[in-house]
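Down below is the structure, laid out as structure tokens.
The values are calculated or read from the model by the stated rules, or taken from the named source; none is laboratory data. Worth saying up front: this structure is predicted, and the values here are computed from it rather than measured. Heads up, the Cβs are rebuilt from the backbone with ideal geometry, glycines too, and the neighbour counts pull from every protein chain shown. In case anyone asks, the SASA skips ligands and DNA or RNA and just uses the protein heavy atoms, side chains included. Shrake-Rupley method; radii C 1.70, N 1.55, O 1.52, S 1.80 Å.
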Amino acid sequence: MTPGIVLFPGINRERDMAIALTRACGHAPRMIWHTETDLSGIDLIVVPGGFSYGDYLRCGAMAAQSPVMAAVRDHAARGGYVLGVCNGFQILTEAGLLPGALLRNAGLRFISADCHLRVERADTVFAARYQRGQVFRAPMAHGDGNYFADEATLDRLEGEGLVGFRYATPGGEITPEANRNGSARSIAGIYAPNLRVLGLMPHPEDLVDPLMGGEDGKPLFDSLAAA
Amino acid sequence: MKLTVTIMLKDGVLDPQGKAIGQALTGLGFAGVGEVRAGKVIELDLAETDPARARAAAEAMARKLLANTVIESFRVDTGGA
């Protein structure tokens, strides 16, 4: 698995992501500046978290129009793997690679806290090292993580099994209290229909070493490395 | 010519910002404040001088970038022109 990380001005989680990918894959990811358009040789494109273009206009709106995102769209259309985390998830929705949008958190406040995610399916290249129904901890750090899509889109996502992760209690229950940003149907992460594009709001890359406080996010990167 | 694009969250999309503004207004003692919705206004100065063509251009810009039509609706005003 050869990964690459896309960099936009204002992105700030690329180093964390590089650490997680380097550990899992055994080699460092290629860092790809937003003006680049040649993604040849890369299997997995990661769009990391941060505040691309200062969140001007809407989170991810400007980044979605950048030259590299046209190349990422082509990569996805060829069946390439794409992972967008936090701002990366917002960028993927703005770029039309995933449906819906991420709205302001229902409580209006930026949330910097751990959450628990329930694995809704494990038969994907992203989640193979988890078990279906497994709950793991992940740090969240966002002001706009409230997943929204119209009812028809939500029904389609559920019907086609494209909901990857939901906010849950540590015991795996889906409750309003565990869904702190107010996301529709507690959705934290969704797949594209080919299961090769994943958008995820919390940060698994920030729990991949005991020194970080845990290794809950490591299976996601190990899954990708083994793909 | 100058145009104004007004972008609002669609009906049915939760607007916590508008709700917070409404609560603050009520808290300040303004009586009878009903629903408050918050949006944004973008002013464009286009080289195009024909109002119909300028409007069409602004609408294309709104669909492509200024608004996210998954969650937002927009209105283009040409200032009466």
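Calculated accessible area for chain A comes out at 38 Å² per residue, all protein chains present (probe 1.4 Å; ligands, DNA, RNA ignored). Only helices enter this figure: runs of n ≥ 4 DSSP H residues, each worth -39500 (n - 2.57), summed and divided by the residues of the protein assembly as shown, yield -7000 deg cm²/dmol at 222 nm to the nearest 500.
Only Cα pairs under 8 Å and 6+ residues apart enter the sum, and on that basis the relative contact order of chain B stands at 51 percent. In straight-distance terms, cross-link reach from B:LYS19 covers every one of the lysines whose alpha-carbon lies under 16 Å from its own, apart from those fewer than eight places away in the same chain; here that gives B:LYS10, B:LYS40. Residue by residue, the range A:194-210 carries 3J(HN,Hα) couplings of 7, 6, 10, 10, 10, x, 9, 6, x, 10, x, 5, 9, 9, 10, 7, x Hz when phi is fed to the Karplus relation 6.51 cos²θ - 1.76 cosθ + 1.60 (θ = phi - 60°); x denotes Gly or Pro. Here the contact order of chain A, divided by its residue count and restricted to Cα pairs under 8 Å and six or more residues apart, works out to 21 percent. Just check chain B against the gyration tensor rule for me: Cα atoms, a ≥ b ≥ c as the square roots of the eigenvalues, rounded for a/c under 1.5, and otherwise prolate or oblate depending on whether a/b exceeds b/c. Prolate, since a/c reaches 1.5 and a/b exceeds b/c. Peptide packing: for B:9-20, A:97-108, the average count of neighbouring Cβ atoms within 10 Å per residue gives the ranking A:97-108, B:9-20, highest mean first.
Within chain A, the selection of entire DSSP H helices by a Cα span of 15 Å or greater along the long axis and an average Kyte-Doolittle value of at least 0.0 returns A:14-25, A:67-77. With a ≥ b ≥ c taken as the square roots of the eigenvalues of the C-alpha gyration tensor of chain A, please select rounded if a/c is under 1.5 and otherwise prolate if a/b is larger than b/c or oblate if it is not? Rounded, because the longest to shortest axis ratio a/c is under 1.5. Dipole magnitude for the range B:2-78: about 120 debye, using +1 per Lys or Arg Cβ and -1 per Asp or Glu Cβ, origin at the Cα centre. Summing both sides, the accessible surface hidden between B and A at a 1.4 Å probe radius is close to 1200 Å².
Between amide H atoms placed 1.01 Å from N, distances below 5 Å from A:GLY164 occur with A:GLY189, A:ILE190, A:TYR191, all of them 5 or more places distant or on a separate chain. Structural descriptor for the range A:57-166: relative contact order 26 percent, calculated from alpha carbon pairs under 8 angstrom and at least 6 residues apart. The aspartates and glutamates whose alpha-carbon is closer than 18 Å to the alpha-carbon of B:LYS64, local same-chain residues fewer than 8 away aside, are A:ASP55, A:GLU94, B:GLU43, B:ASP45, B:GLU72, B:ASP77. Note on the range A:70-227: with charges restricted to the Cβ of Lys and Arg (+1) and Asp and Glu (-1), its dipole about the Cα centre is near 100 debye.
Taking Cα centre as origin and charging only the Cβ of basic (Lys, Arg, +1) and acidic (Asp, Glu, -1) residues, the dipole magnitude of the protein assembly as shown rounds to 60 debye. The order of the peptides A:44-57, A:174-187, A:197-210 by mean Cβ neighbours within 10 Å, most packed first, is A:197-210, A:44-57, A:174-187.
The apolar share of the surface of the protein assembly as shown, taken as the fraction of accessible area on carbon and sulfur atoms (1.4 Å probe, ligands and nucleic acids excluded), comes to 52 percent. Distance between the 7 Å Cα→Cβ label points at B:LEU14 and A:GLN134: 3.0 nm. If you plug the beta carbon distance of A:ALA226 and A:PHE110 into 1/(1 + (r/R0)^6) with R0 = 35 Å, you get a FRET efficiency near 0.50. Under 5 Å from the amide H of A:CYS115 lie the amide H atoms of A:ALA138, A:MET140, each residue being 5 or more positions distant or on a separate chain, with H modelled from the backbone and absent for Pro and chain starts. How would the range A:94-183 be classified by its alpha-carbon gyration tensor: rounded, prolate or oblate, with rounded meaning a/c under 1.5 and the a/b versus b/c comparison settling the rest? Oblate, because a/c is 1.5 or more while a/b does not exceed b/c. Phi-derived couplings, Karplus 6.51 cos²θ - 1.76 cosθ + 1.60 at θ = phi - 60°, listed residue by residue for the range A:183-192: 4, 4, 6, 6, 6, 10, x, 9, 9, 6 Hz, with x used for Gly and Pro. With θ taken as phi - 60° and the Karplus curve 6.51 cos²θ - 1.76 cosθ + 1.60 applied, the whole-hertz 3J(HN,Hα) list for the range A:111-120 is 10, 10, 6, 7, 10, 10, 10, 9, 6, 7 Hz, x standing for glycine and proline. Set the Cα radius of gyration of the range A:1-83 against 2.2 N^0.38 Å, with N its number of residues, and you get 1.04.
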